[in-house]
Every structure is written in C-alpha cells, then in structure tokens.
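Just below is one structure, and these are the notes that go with it.
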Amino acid sequence: MFELLFYAVPVLMMVGFGYAAYLLIRRALRIGRTWSRGLPAEARCLRMFTTTSGGGGDTSVHTTVHHVYEFTTAEGRSIRFEEEGGPATVLEGDFVTVRYLPERPERATALPPSRGTLAVTTGLGLTFLGVAIAFCVGFIVASHLMFSAMNDITP
C-alpha cells in the first residue's frame with residue numbers, strides 16, 4: 001500500500017501539469033485568435049491596480065498589474081472586463097484600443113499584438129511543464145526499480 005503513494009502522487013501531479021499545459025495553450029490560441037480576427041474598439045481604463053505574490057523576506061515578490069476596461073461593441077453593448085499583465089503606463093482614464101470577438105466580447109484584450117512574445121512565453125511555460133512531467137515519469141520509474149529491487153532482496 002505504501003508503494004502506491006510513490007505512483008499515485010506523481011501521476012496526480014502529471015495530471016495537474018497536463019491541465020496547466022492545456023490552459024496555457026488555450027489562452028495562447030484565444031489571444032492569437034482575438035488579435036487576428038477580433039474587432040477593434042476604443043476602451044477606457046476605469047481602474048488600475050496591482051497584486052503581489054511571494055513571501056517577501058528571502059523570497060522574491062512578484063507584482064502584477066491589472067486593468068479594468070470598458071468599451072462598447074459594434075452592436076451597442078457596454079462591456080467591462082479585467083485584464084492582467086498590461087503595461088503599467090496605462091492609467092485610470094486613459095483610452096486604449098481593445099480587440100474582441102463578437103461572439104465573446106467579455107474576453108477582449110487590450111494587449112497589443114505581439115505574436116513573438118506570445119509564442120516565446122507559451123513555449124517557455126510548456127517547456128517548464130514538460131520538464132516537470134518528465135521528472136514525475138523519472139520518479140515513477142526510479143520508484144518502480146527501487147521497489148522491484150527490494151522485493152528481490154526480501155526472503
């Protein structure tokens with residue numbers, strides 16, 4: 001029963017890493033599709049704020065910029081959305097161009113099209129997740145070999 005832990009935990013971790021990879025790819029495809037097929041609209045920044053993560057002290061603190069935008073679709077609907085990771089130079093009251101897909105205007109983006117940056121960040125994220133999955137597979141194989149060797153020794 002104890003051996004099961006050495007297989008179940010890495011498998012659950014691999015499932016989590018796989019789901020994170022799926023979300024990363026889905027986000028990249030959604031943003032790319034919005035950049036290429038989305039309609040432009042003028043939006044106003046209603047609010048800008050930051051969030052921090054990390055423990056401080058000996059660990060680094062990461063700050064993320066968030067913006068809340070509001071725009072009107074071509075059909076006249078008023079849409080408000082929040083986006084993280086935008087430029088810190090956009091302040092409350094500023095006007096920016098957003099792009100949105102008519103079928104999902106609440107998923108608009110104010111990020112300027114940058115396919116190279118999107119590809120690199122997505123690729124780095126997938127590489128990290130792939131290494132994590134490979135580590136889990138290696139751990140499972142090493143555990144299996146260890147338990148097989150222990151069973152061969154036990155009378």
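Of the residues that make up segment 114-121, is at least one in a loop (DSSP other than H, G, I, E, B), within 22 Å of the chain's Cα centre (by Cα) and buried (at least 16 other Cβ atoms within 10 Å of the Cβ)? Even if it seems obvious, please write down each step before you answer.
Residues of segment 114-121 that are in a loop (DSSP other than H, G, I, E, B), as a first pass: 114.
Next, only the ones that are within 22 Å of the chain's Cα centre (by Cα) stay: 114.
Filter once more, keeping what is buried (at least 16 other Cβ atoms within 10 Å of the Cβ): none.
Looking for residues that are in a loop (DSSP other than H, G, I, E, B), within 22 Å of the chain's Cα centre (by Cα) and buried (at least 16 other Cβ atoms within 10 Å of the Cβ), one finds none in segment 114-121, hence no.
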Given (1) surrounded by fewer than 11 Cβ atoms within 10 Å (Cβ to Cβ); (2) modelled with pLDDT of 95 or more, number of the condition residue 60 does not satisfy: (2)
Just to be sure, is residue 60 small (Gly, Ala, Ser) and closer than 22 Å to residue 116 by Cα? no
Of (1) surrounded by 16 or more Cβ atoms within 10 Å (Cβ to Cβ); (2) in a loop (DSSP other than H, G, I, E, B), residue 100 satisfies all except one. Which? (2)
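Could you please let me know if residue 66 is touching a strand residue (DSSP E or B) at 6+ places or on another chain (Cβ under 7 Å), at pLDDT 95 or above and under 26 Å from residue 21 (Cα atoms)?
Values: touching a strand residue (DSSP E or B) at 6+ places or on another chain (Cβ under 7 Å): yes; at pLDDT 95 or above: yes; under 26 Å from residue 21 (Cα atoms): yes.
Yes, satisfied.
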Scan of segment 122-139 for residues that are surrounded by 12 or more Cβ atoms within 10 Å (Cβ to Cβ) and either among the polar types (S, T, N, Q) or in contact with a Cys (Cβ under 6 Å, 6 or more places away or on another chain) (or both), ordered by number: 122
Scope segment 1-15; condition within 22 Å of the chain's Cα centre (by Cα) and surrounded by 14 or more Cβ atoms within 10 Å (Cβ to Cβ); matching residues: 10, 13, 14
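Of everything in segment 16-64 that's in a helix (DSSP H, G or I) and among the basic types (Lys, Arg), which residue is farthest from residue 84 (Cα to Cα)?
Looking only at segment 16-64, we keep the residues that are in a helix (DSSP H, G or I), and these are 16-37.
If we keep only those that are among the basic types (Lys, Arg) too, we end up with 26-27, 30, 33, 37.
Details: 26: 17, 27: 13, 30: 15, 33: 18, 37: 21 Å.
Only one residue tops the list, namely 37.
So which residues in segment 103-113 are assigned to a loop (DSSP other than H, G, I, E, B) and more than 21 Å from residue 49 (Cβ to Cβ), if there are any at all?
Residues of segment 103-113 that are assigned to a loop (DSSP other than H, G, I, E, B), as a first pass: 103, 110-113.
Hits for segment 103-113 are 103, 113.
Please work out if residue 22 is exposed (fewer than 14 other Cβ atoms within 10 Å of the Cβ), among the aromatic types (Phe, Trp, Tyr) and at negative phi.
For residue 22, the condition - exposed (fewer than 14 other Cβ atoms within 10 Å of the Cβ), among the aromatic types (Phe, Trp, Tyr) and at negative phi - is met.
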Check residue 88 against each of (1) farther than 27 Å from residue 130 by Cα; (2) assigned to a strand (DSSP E or B) and name the one condition it does not meet. (2)
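The values are calculated or read from the model by the stated rules, or taken from the named source; none is laboratory data. Computed from a predicted model, the values in this text were never measured in an experiment. Using ideal geometry, Cβ is built from the backbone for each residue, glycine included, and neighbour counts are taken over all protein chains shown.
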